[in-house]
Amino acid sequence: MHDIHRVESFEIVGPFILLVGFDDDTEQLINFKPALAGELFGPLRNLSLFNEVRVDPEVHPLVWPNGADFDPATLHDWPELVDALRAQARE
């Protein structure tokens with residue numbers, strides 16, 4: 001079980017890099033590129049599609065037009081989870 005967080009804001013700060021703000025007033029600077037692989041997340045390697053990111057107003061994850069989304073708790077704890085996400089992306 002993990003804490004429940006909500007994405008409140010984001011800012012595109014570079015290619016595939018977002019500064020994500022959460023409901024507990026914390027932020028994470030996230031480079032998504034290492035995690036962008038597979039059927040759902042691979043298409044986000046197209047920078048124009050990646051930059052269409054939005055915050056879902058209902059549940060508050062980051063979402064993309066192709067149906068990809070990242071759980072806010074995963075984003076909140078990104079530094080602890082990024083190695084596992086990279087490993088999944090390589091598979």
Exercise. Tell me, what HN-Hα J-couplings in whole Hz come from the Karplus equation 6.51 cos²θ - 1.76 cosθ + 1.60 at θ = phi - 60° for each residue of segment 64-79, using x for Gly and Pro?
Worked result: 10, x, 7, x, 5, 8, 10, 4, x, 5, 5, 5, 4, 9, 3, x
Problem set entry | At q = 0.23 Å⁻¹, base-10 log of I(q)/I(0) for segment 7-90 (Debye sum, equal scatterers on each alpha carbon) | -1.22
Problem set entry | 3J(HN,Hα) from dihedral phi, segment 10-26, Karplus parametrisation 6.51/-1.76/1.60, rounded to Hz, x for glycine, proline | 8, 9, 6, 10, x, x, 6, 10, 10, 9, 10, x, 10, 5, 9, 6, 9
Seminar exercise, completed: Counting Lys and Arg as +1 and Asp and Glu as -1 over every other residue whose Cβ sits under 12 Å from the Cβ of VAL63, the net charge comes to -4
Exercise. If amide H atoms are built 1.01 Å from N in the plane of the peptide, which residues on other chains or at least 5 residues away come under 5 Å of the amide H of PHE10?
Worked result: GLY21
For this session: Please label the shape of segment 1-43 as rounded, prolate or oblate, based on the square roots a ≥ b ≥ c of the eigenvalues of the alpha-carbon gyration tensor (a/c under 1.5 means rounded; beyond that, a/b larger than b/c means prolate, else oblate).
Result: oblate
Exercise. Could you give the nm distance between label points at GLU52 and THR26, where each point is 7 Å from its Cα heading toward the beta carbon?
Worked result: 3.1
Exercise. Once amide H atoms are built 1.01 Å from N in the peptide plane, which residues 5 or more positions from PHE70, or in another chain, come under 5 Å H to H?
Worked result: LEU62
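Coordinate-derived values only; no laboratory data. Just so you know, these numbers come straight off a predicted model, no measurement behind them. All Cβ positions, glycine included, derive from the backbone under ideal geometry; neighbour counts span all protein chains shown.
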